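Peer 1: To start, I am sharing the structure in question, which I have written as structure tokens.
The values are calculated or read from the model by the stated rules, or taken from the named source; none is laboratory data. In this text, all values refer to a predicted model and were calculated from it rather than measured experimentally. The accessibility values were calculated without ligands, DNA or RNA, using every heavy atom of the protein model including side chains. Shrake-Rupley method; radii C 1.70, N 1.55, O 1.52, S 1.80 Å.
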Amino acid sequence: MSPTPIPTGRLFRTEEGSDLVLTRTFRAPAEDVWASITESDRTARWFGPWEGDAAPGNTIKVQLRYEEQMPWYDMRIDACEPPRRLAISSLDDAGAWHLELLLTEQEGVTELRFVQHLESEDGIGDIGPGWEYYLDLLVASRDGSPAPGFDAYYPSMQDYFTRLRDDA
């Protein structure tokens, strides 16, 4: 039996709204971690493959491989600064999603800082566990460990993320 994952998300209030921030650390150069978050064959291992012309200002189609019915989803590339910053956004029935993936490397260790710029903190109890799950899928895809199951994250982490909103 695998251990229950511990939530890592933090909530920061900014002048523009709120940022949900999660981090993961990898013993790898930033260029290699960058490939895991930008190359379709590698994103397919933890999030889903994508297709299209991936350039700033363009929209690509991403398949959400770990969601029910594996839907395809439009994502706009707002900024791409290899191997340090990727900013993407999308719009769906739940509203707008504004995401940033920021990489910093020090002595061969790379930290991935995943930021969701929230328009509203409503639903953070549902959003946070999902990102924890996806980021742990990224870790598993890189180190060869077994992929986690979503049931280990939701609903068990829901209260943690709701408290972030209420305590901030």
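Peer 1: Given the rule -39500 (n - 2.57) for each run of at least 4 DSSP H residues, summed and divided by the residues of the chain, what is its mean residue ellipticity at 222 nm, to the nearest 500 deg cm²/dmol?
Peer 2: Theoretical 222 nm ellipticity from helices: -7500 deg cm²/dmol.
Peer 1: I've got another one for you. Take each uninterrupted DSSP H stretch in the chain, measure its Cα extent along the helix axis, and return the ones at 18 Å or beyond whose mean Kyte-Doolittle hydropathy is at least -1.0.
Peer 2: Qualifying helices: 124-143.
Peer 1: Starting from the Kirkwood radius over alpha-carbon pairs of region 1-122, derive D by Stokes-Einstein at 20 °C in a medium of 1.002 mPa s and give it in µm² s⁻¹.
Peer 2: D, rounded to a whole number, is 138 µm²/s.
Peer 1: In addition: So what is the relative contact order for the chain, in percent, with contacts set as C-alpha pairs under 8 Å and at least six apart?
Peer 2: Relative contact order comes out at 24 percent.
Peer 1: Continuing with this model, one more query. With every protein chain present, what is the per residue accessible area of region 37-168 (1.4 Å probe, Å²)?
Peer 2: 53
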